[in-house]
Every structure is written in C-alpha cells, then in structure tokens.
Amino acid sequence: MTLKRKLRYGMVGGGPGAFIGAVHRRAAELDGLAELVAGAFSSDAAKSRAHGASLHLAADRAYASYEAMAAAESARPLGDRIDVVVIVTPNHLHYPAAVAFLERGFHVICDKPMTTTLADAEALCALVAEQGVVFALTHNYSGYPMVKEARALVASAALGELRKVVVEYTQGWLSTALEASGQKQADWRTDPARAGAGALGDIGSHAEQLARYVTGLEIETMLADVGTVVAGRRVDDDANLLLRFEGGVRGILHCSQIASGEENRINLRVYGSTASLEWSHEEPNSLLLRHADAPLQVLKRGNAYLSPAAQRGARLPPGHPEAFFEAFANVYGNALRTIASRVSGAEPDPADLDFPTVQDGARGVHFIQTALRSGASGATWVDARYSPPGATGA
C-alpha cells in the first residue's frame, strides 16, 4: 500500500440503538487506516444529525438519507470526498444503498447477508465488475487468526482427505417473542420485509461462510429442516441442515436463535482421514488439532509456529488474548489496504485480498434461499450448487 493518508469513509446506518455500527467503526479505525468523515446514520434526519454530532462530524456531512449522502459526496472534490462507504443498515437496505454508491464509483464494505434476494445479489456482482471497485462483506469470523490457521492446515492436507464438516451457531436471545416488546434489534430481525430470512440469514449465513472459508469446499446438495418455534414469529428461528460438499464430504450445519441460555456459541469441526480440528468462538485464541495416532495438539494465537496468515492476523504476543474487535479489524484491514492500493494506483498485496467479496455475498444469499426452499418442500434433498456471476470484487 502506497497511500500516504488515511482513507476517508462514510457510514450508512449504525445510529442510535445500533450495536453493530459502533463495532464496525472500532474495527475500521483500530489500525489507523481510516477515519470517519460522513454518515447517514438513521432514517430519521434529526437523529442522523445528532449522531453525526456525537461522532464529531462536520454538520454538513451528517446526512438525512443515504441517497443525499451519495449525491453530495460524489459532488465533493476528489481530495475531500469519501473513498469508501460502510453499510450497516437492516438487510433490506443493503442493496439500494450499495447501488447508490457503487454507481458513483465508491468502494463498499457491507454487513451480511448482502441482500435479501438472489437477483439483487447478482446485480451487485455485475455492478461491482462494471465499476471495477472493491466490495467487501464483513463475515468477521473469518478474521480470527486461528480460523486462518485452520484454513492453512486444511489447505496443506494436514488432516488428510476431508470427510466431514460440522458447524453450529446457536443463540438464545429470541427464545421468547422479544419482538413484541418493541426491542429494536428483535423488531427488524424478525420482520421478513426488512430481514428477509430469520436465523438462516442472521447467523446461518455466518456458519456457512465459516465452513466454506476453512475448507474451500462448496455445498453441492442439502436437506434442510427449517422451522419457526416461537408462536406468531414470521421468520425462521431454528434450522438443521444435512450437507454434501464437493468430493462427497459430508456436513452438518445447525443454527438456532431459540436455544435458551446460549449467548453466541459458534463451533467448527473438520474431520479428515488422519486428523481433525476444532475451533470455538468462546475460546477463539486456540485451535485443537487431533491426530489419529498422536497426542492432542493445542495451537495458540501469536506463536511463530503458525502459518503466515495466522501470524499476520495477530497484534499481541502469545498469552495476551485477542478476540471479536480484532477479528473484525482483520477483515477491515485487508479490505482497507486493498482499497488504499486501488486509490493510489498500486497493485494490492496478495495477502490483503483475504476478505469476503461480493461473490461471497452472492453465495451466502444463494445458501439462505436454497435452505429455505428445501425446508419449504418438507425437508427434501435439493441441488445447492452455485456459480456466482461477475469478477472477483477486489
């Protein structure tokens, strides 16, 4: 990267009451690569202006809408306008907000799932290719150093021939009809018009991307038992999937938001012919490597014996724990360094291209819709293969 300044970014969404917006801002700024200069933080113009003021933005850059922001920022001089926009709205606004900025040539970093329909996802793939910009999707769990180590172990055939993948993402925060209380996050995440899917879109998409990132395998067929447990809820809140990956590798994916007592349990296990690995979000700095004929190995973040990608993703020496913000920042760091290279007219470092792209977003939307289709058909096996259109997105 040769850019001699911080990237200027704007944010759409992430206003009052939004948990994830603050996470994105901390991740974007953790390594000193970017600074927030503009935003449309709420659909309420007064709230957007007030939130912009609380973040010390210039009054004329706290916008009433993302449409106004896209138009105004594109009219500013090149040396003053934003370089990239971060989209952290409810799901149904991801597509129109992304289009508003992509059409004006801005780079985009977007929360997941990328869109609520596959048609919109494919349209974004085409638009990113047409504009030649960077589009990053914040599947933050792929940013953990020990997840990157798991990926490197699989790629090096350290597990032998892959046989089975088991991934789960369970929460309990929607075990009751929380949306009936008016709680902001529950309200929109259980509204099919704004969220699209429920548990499959909110957390199942993370589980699918985590398994695909580590193994490099695409799902070929699936059988999905998708259900709504809490009476009156309008979206799915629990799903159990049987998967067949490329090469006959078997898989299980379980996601649930009605698992009482669970907070944010994410587990991944990958079994090969000679060894297996296990990573847990609750112990993110360790990776378990089990051999068929040798003692259990516990690999730890920050050590020199890890792969270059895992070492690159750590900021502290061994024994000093790193977690959620740092993993999020690893996704942002790679995307921002790639954008900075593009802005300066340089080629990105290949190591910086390790972040989810617009094609990953399309794969995620295809996964969600395929699982819903299988569930709606009475939990039958369906073809899950997909070839996303467009270029690489980076």
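The values are calculated or read from the model by the stated rules, or taken from the named source; none is laboratory data. Keep in mind that this is a model prediction, so the values were computed, not measured. Note: ideal-geometry Cβ built from the backbone for every residue, glycine included; neighbour counts use all protein chains shown.
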Residue by residue through the range 41-60, note down the ones that are out of contact with any His (no Cβ under 6 Å at 6 or more places or on another chain) and buried (at least 22 other Cβ atoms within 10 Å of the Cβ). 42, 48, 51, 52
Considering each of 27, 98, 64 in turn, give the residue that is of a type in the set (A, V, I, L, M), touching a residue at least 40 places away in the same chain (Cβ under 8 Å) and touching a Ser or Thr at 6+ places or on another chain (Cβ under 9 Å). 27
Residues located in the range 266-280, provided they are of a type in the set (D, E, K, R) and either without any contact (Cβ under 8 Å) to a residue 60 or more places away in the chain or touching a His at 6+ places or on another chain (Cβ under 7 Å) (or both): 278
I'd like the full set of residues that are more than 25 Å from residue 113 (Cβ to Cβ) and either at pLDDT below 95 or not polar (S, T, N, Q) (or both), limited to the range 64-102. 64, 68, 71, 72, 73, 75, 76, 77, 78, 79, 80, 81
Against the condition among the small types (Gly, Ala, Ser), crowded, with 16+ Cβ neighbours inside 10 Å, modelled with pLDDT of 95 or more and at positive phi, how does residue 143 come out, does it pass? no
Could you go through the range 68-83 and let me know if any residue there is buried (at least 22 other Cβ atoms within 10 Å of the Cβ) and of a type in the set (Ser, Thr, Tyr). no
All but one of (1) touching a Phe, Trp or Tyr at 6+ places or on another chain (Cβ under 8 Å); (2) within 18 Å of residue 148 (Cβ to Cβ) hold for residue 254; which doesn't? (2)
Subset of the range 68-101 (residues that are farther than 13 Å from residue 10 by Cβ and more than 19 Å from the chain's Cα centre (by Cα)): 75, 77, 78, 79
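Rundown of residues vs (1) assigned by TED's automatic domain parsing to the domain that holds residue 233; (2) in contact with a helix residue (DSSP H, G or I) (Cβ under 6 Å, 6 or more places away or on another chain); (3) more than 29 Å from residue 336 (Cα to Cα), yes/no style:
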site: 155; (1), (2), (3): yes, no, no
site: 166; (1), (2), (3): yes, no, yes
site: 170; (1), (2), (3): yes, no, yes
site: 186; (1), (2), (3): yes, yes, yes
site: 199; (1), (2), (3): yes, no, yes
site: 210; (1), (2), (3): yes, yes, no
State the number of residues belonging to the range 287-321 that are at pLDDT 95 or above, assigned to a loop (DSSP other than H, G, I, E, B) and charged (D, E, K, R). 2
When you scan the range 1-22, how many residues do you find that are more than 27 Å from residue 344 (Cα to Cα) and surrounded by 15 or more Cβ atoms within 10 Å (Cβ to Cβ)? 6
Hey, does the range 149-166 have a residue that's buried (at least 22 other Cβ atoms within 10 Å of the Cβ) and over 12 Å from residue 277 (Cβ atoms)? no
Residues that are within 18 Å of residue 141 (Cα to Cα) and either crowded, with 16+ Cβ neighbours inside 10 Å or in contact with a Ser or Thr (Cβ under 9 Å, 6 or more places away or on another chain) (or both), drawn from the range 341-361: 352, 353, 354, 355, 356, 357, 358, 359, 360, 361
Taking the range 287-306 and the residues there that are touching a residue at least 12 places away in the same chain (Cβ under 8 Å) and among the aliphatic types (A, V, I, L, M), the one that is nearest to residue 146 (Cα to Cα) would be 287
Within the range 216-275, take every residue that is hydroxyl-bearing (Ser, Thr, Tyr) and crowded, with 16+ Cβ neighbours inside 10 Å and give me the one that is farthest from residue 200 (Cα to Cα). 271
Are any residues in the range 277-306 under 18 Å from residue 207 (Cβ atoms) and among the hydroxyl-bearing types (Ser, Thr, Tyr), and if so, which ones? 280
